[in-house]
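What follows is a single structure, written as C-alpha cells, with notes after it.
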Amino acid sequence: MTTREPLLDPGHAIVERVPGRSRMSPDSGPGTPLSGAGYWLDSAELRDVVVACESEVSITFDPRQDLTSEG
C-alpha cells in the first residue's frame, strides 16, 4: 500500500474543474502531467490551475522550481 500525498486529490479535482472534464482522459489521475501527453493545458489554463491551487489549497508555487518542464 502506498501513502498518498495530501494535495494530490484536491489538486486533481481543481484540474478536473478548471479546464473541464473534456481535457481529461478516462485513465487520468493525480499523477497525470499537466501538459504534453497529460491534460494538454495551454499557458492560460495552466495559469488558472496554478491560481486555483494557490488560493484553494493555500500553497505557493515557486515558478523557478515548481513550474518547469522538468518538474
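The values are calculated or read from the model by the stated rules, or taken from the named source; none is laboratory data. Model, not experiment: these values are computed from the prediction. Glycine gets a Cβ as well: all are built from the backbone with ideal geometry, and neighbour counts include every protein chain shown.
Values as computed for the structure displayed
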{"read-out": "Test: residue in segment 12-27 that is modelled with pLDDT under 75 and surrounded by fewer than 15 Cβ atoms within 10 Å (Cβ to Cβ)", "value": "yes"}
{"read-out": "Residues (loosely packed, with under 11 Cβ neighbours inside 10 Å and basic (Lys, Arg)) located in segment 47-68", "value": "64"}
{"read-out": "Segment 11-27 residues that are in contact (Cβ under 8 Å) with a residue 12 or more places away in the chain and outside any loop (DSSP other than H, G, I, E, B), paired with ones that are aromatic (Phe, Trp, Tyr) and surrounded by fewer than 16 Cβ atoms within 10 Å (Cβ to Cβ) (beta carbon under 8 Å, 6 or more apart)", "value": "23/40"}
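To keep it simple, each residue is scored yes or no on (1) of a type in the set (Val, Ile, Thr); (2) surrounded by 13 or more Cβ atoms within 10 Å (Cβ to Cβ); (3) modelled with pLDDT of 85 or more.
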| position | (1), (2), (3) |
| --- | --- |
| 32 | yes, yes, no |
| 38 | no, yes, no |
| 45 | no, yes, yes |
| 70 | no, no, no |
